[in-house]
Amino acid sequence: MSTPPAASEYRRREQSITLSPLQEQLEAGSAGGEDQTQELLTLNFGPHHPATHGVLRLLVTLRGEVVHDIKPIVGYVHTGIEKTAEDKSYWKVIPVIERMDYLAYHFNALAYIGAVEQLAEVVVPTRAEYLRVIHLELNRIMSHLVWLGTSALDLGAISMFWYCFREREQILDLFEFSTGQRMHTRYFQIGGVAEDIPAGWAQKLREFVKRMPNSLDQYGDILNSNEIVLQRLRGTCPLDSETLLSLGVTGPLLRAAGNPWDLRKAAPYSAYADFDFKIPVGTVGDNYDRYAVRMAEMYESVKIIDQALAGLPEGPYITTDRKVALPPRHELATSMEALIHHFKLVTEGLRVPPGEYYNAIEGPRGELGCFVRSDGSSKPARVHMRDPSFVNLQAFSRMAEGAYIADMIATLAMLDPILGGIDR
Amino acid sequence: MPDATGLELIRQELGDAALDTSFLHERAVLEVRAERVRDVLAALRLKGYAFLASLHGVDYYPHEPRLGVLYELLDMARVDRISVKVRVSSERPLLDSIVPDGEGPDGEGDGHVGWPAANFQEREVYDMFGVVFRDHPDLRRILMPEDYEGNPQRRDFPVGGEPIVFTYNESPVLEGSE
C-alpha cells in the first residue's frame with residue numbers, strides 16, 4: 001500500500017521519520033554471521049499499553065523472545081509544570097508541583113516547600129513537622145499499594161489489585177478527612193500545614209494503623225509462597241549496587257541491591273530523627289528483592305505513623321510569622337494588621353530573598369530533589385524537580401537486556417516509574 | 001556540606017579551574033570554568049563526591065553569561081553535598097558532556113571516567129535550554145517533540161500562546177496561514 005501524499009509540512013516530516021539507522025546497525029550485527037535462521041524484531045511497545053504504567057513508550061529490539069535493546073521514549077505527558085511554576089507566586093506553585101509525580105503529591109510539595117523554607121529562613125513548628133511526617137508516610141504506603149496492585153496485575157494476580165486499592169481507598173479517605181481532598185491536597189504550606197487535623201481524625205488513623213499490618217500480612221500470604229510470583233521474580237534482571245549508583249539510581253531499587261541508603265536516616269529532614277524505624281535492604285538486587293524491600297517498607301511506614309501520632313506535640317500547626325503564612329480567619333474581623341498581611345500575601349505573595357537551594361528528600365521511588373532559584377521577587381526564577389522515576393529509568397535497559405520479554409514487563413513493574421514525574 | 005573553610009580548600013586545590021565559591025544556607029557552590037568541568041568533577045570524585053544526584057539548567061537572564069548548568073554531587077559515606085556550577089553564554093552554549101568514558105592514557109581521549117547518570121539529564125538541559133553537550137552519546141530532545149522549535153525553559157520564552165493542533169485546523173496552524 002502506497003503512502004498517501006503529505007497533507008501538510010507536519011505530516012511530511014512525520015512520514016520522513018525512519019528507523020533505518022537502527023535497522024542498518026542491526027543488519028551489520030547479524031549479516032556477517034552464518035546463522036541466518038534468526039532475525040531481530042523491533043517492537044514498538046506503548047505509549048498506550050497497560051503494562052507501561054502510564055504513557056511510556058519503549059522501542060524494544062527482540063532476538064526471538066530475548067530482549068536485545070531497549071530505547072525508552074518519554075515526554076508524552078510533558079505539561080511544562082516547571083515553566084508554569086515560574087509564572088506563579090511561591091505559594092501558588094504548590095498545587096501545580098503536586099501534580100508532577102501524581103502518586104507522591106505530599107513528597108513533591110515537601111521537596112519544593114523545604115527549598116523555599118531554606119531560602120526564606122522560615123522556622124516550622126514541631127507539630128507541623130509531625131503532621132507532615134504522618135501524611136508523608138501515609139502517602140508512601142498509598143504509592144506502594146498502587147505499585148503492588150498494578151505490579152501483581154502484570155504478573156497475572158488480579159485479586160491483589162482489588163485488595164491493594166481497598167486499603168488505598170482508606171488512606172484517601174483519611175486524606176479527604178484531614179485536608180479536604182483525596183489527591184493533590186495542597187495540605188503542605190510554606191511554614192507548616194494548611195490546617196490542624198480535625199476532631200476524630202486521630203482515632204480513624206489509629207484504627208488504620210492497627211489494621212494495616214494485618215492487611216500487609218494478608219498480601220504476603222497471597223504472594224510470598226505463590227509459585228508463579230516466585231518463579232517470575234526470583235533471580236530475574238538483577239543489577240548490582242555499583243552500576244545502580246553510576247546510573248544515579250536511588251530508593252528501593254538501590255536498597256534492594258544491598259545499599260542501605262535512605263535520606264530519612266542518612267540526612268534526617270523534617271521530624272524523621274525522632275522516630276525509630278529500620279531500612280529494609282535486599283541482597284542481590286533482583287526483582288524479588290525489589291518486591292520484598294517495598295513490602296517491608298510499608299511495615300516501617302506504619303511504625304513511623306504510629307510513633308508520630310503517639311508523640312504528636314501540642315502547638316501551632318503553621319508558623320506564626322505573618323509575613324509567610326496567612327493569619328487565622330477570625331483575626332481578619334478585628335485586626336487591621338492581620339487584614340493588611342492577608343491582603344499582601346494573597347495579592348502579591350511572599351517575597352523570598354535571592355538565592356539558590358537544592359532540597360532532597362526520600363520519595364517513594366528515591367531521591368526527590370527540588371532546586372529553587374529566587375531572584376528576590378514573589379515568583380520563583382527557576383523550579384526544577386529531580387524526579388527519581390526520570391533518573392531511575394536510565395537503568396531499565398541495563399536491567400532487562402538479555403532477559404525474556406515477559407521478565408522485562410516484570411522488571412518495568414518493579415522499577416515503578418510514574419510518567420507524570422518523568423515528563424513533568 | 002563541606003563547611004565554608006573546606007570549600008575554600010577545595011577551591012585552592014583546583015587552582016585556576018575554580019572561579020568562585022559561595023556558601024549560603026549551608027549549601028556549598030563551586031563555580032568553575034566551563035571548559036574544565038570534566039576535570040573538576042573527576043577531582044571531586046576522588047575526594048568522595050562520587051554520586052551525581054542531579055544535573056539541571058538555569059537561565060540567569062538578563063545576567064551574562066546567561067545559562068548555567070548545575071551538577072549536584074553527593075558523598076554518600078560522609079553524607080555531604082557540593083554543587084558545581086558552570087556558566088555558558090547563550091550565543092555559544094557549548095559544554096563537554098560528562099556521560100562518555102574517555103579512552104585512557106595510552107589510547108586516545110583523556111581517561112575521563114563517565115557519569116552515565118547524566119545521560120537523560122543532559123538531554124533535558126539541551127532540550128529546555130539549548131545547551132549543546134559535546135560528545136554526548138545520544139543528544140536528542142527528550143521531553144519536547146523532536147520537531148519542536150525553541151528552548152521552552154529559557155526566561156524569554158513566552159508562556160502559552162501556542163495554537164493547539166487538531167485535525168480540523170492542522171494545515172492552517174502548521175503552515176502559519178491562520
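Derivation of every value follows stated rules applied to the coordinates shown; laboratory data play no part. Since the structure is predicted, the reported quantities are computational estimates derived from the model, not experimental observations. Cβ coordinates were reconstructed from backbone atoms using ideal geometry, including for glycine residues, and neighbour counts include every protein chain displayed.
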Per the helix-only model, chain A has a calculated mean residue ellipticity at 222 nm (DSSP H runs of ≥4, -39500 (n - 2.57) each, divided over all residues, rounded to the nearest 500) of -15000 deg cm²/dmol
Too long for a 25 Å Cα-Cα cut-off, among A:210/A:278; A:92/A:210; A:71/B:47, are A:92/A:210; A:71/B:47
Surrounding charge for residue A:391, neighbours by C-beta under 15 angstrom, Lys/Arg +1, Asp/Glu -1, total -4
Charge dipole of chain A built from unit charges on the beta carbon (Lys, Arg +1; Asp, Glu -1), centred at mean Cα; most positive-end Cα among A:341, A:189, A:374 is A:341
For region A:378-388, in residue order, the Karplus 3J(HN,Hα) values (coefficients 6.51, -1.76, 1.60; θ = phi - 60°; whole Hz; Gly and Pro = x) are 8, 10, x, 7, 7, 10, 10, 9, 8, 8, x
Among beta bridges assigned by DSSP with both residues in the protein assembly as shown, the antiparallel ones amount in percent, to the nearest 5, to 90 percent
With R₀ set to 60 angstrom, the calculated FRET efficiency between the beta-carbons of residue A:348 and residue A:16, to the nearest 0.05, is 0.75
Everything considered on the Cα gyration tensor (a ≥ b ≥ c; rounded for a/c under 1.5, else prolate if a/b is larger than b/c, else oblate), the protein assembly as shown must be described as rounded
One finds, for residue A:226 and residue A:65 with R0 = 22 angstrom and r their Cβ-Cβ distance, a FRET efficiency to the nearest 0.05 of 0.40
Using alpha carbon centers only, region A:59-98 is separated from region A:366-396 by a whole-angstrom value of 13 Å
Placing each pseudo-label 7 Å from Cα in the direction of the beta carbon, residue B:89 and residue B:39 end up separated by a distance in nanometres of 2.2 nm
Partner lysines whose C-alpha sits under 20 Å from that of residue A:204, ignoring same-chain residues fewer than 8 away, are A:303
Filtered hits (aspartates and glutamates, Cα-Cα < 17 Å from residue A:323, offset >= 8 within chain) -> A:117, A:121, A:331, A:337, A:348
The rounded separation in angstrom of the Cα centers of region B:137-178 and region B:1-57 is 37 Å
Over chain B, the sum of -39500 (n - 2.57) across DSSP H runs of at least four, divided by residue number and rounded to 500 deg cm²/dmol, gives at 222 nm -6000 deg cm²/dmol
Karplus ³J(HN,Hα) for region A:179-184 (6.51 cos²θ - 1.76 cosθ + 1.60, θ = phi - 60°; Hz, whole; x = Gly/Pro) runs 10, x, 10, 7, 10, 6
Residue-ordered couplings for region A:352-357, obtained by feeding phi - 60° into the Karplus form 6.51 cos²θ - 1.76 cosθ + 1.60 and rounding to whole Hz (Gly and Pro as x), are 10, x, x, x, 10, 8
Other residues with Cβ under 14 Å from the Cβ of residue B:85 give, with Lys and Arg +1 and Asp and Glu -1, a net charge of +4
Checking region B:1-107 for GluC sites (Glu not before Pro) in a loop per DSSP with at most 16 other beta-carbon atoms within 10 Å yields B:26, B:91, B:103
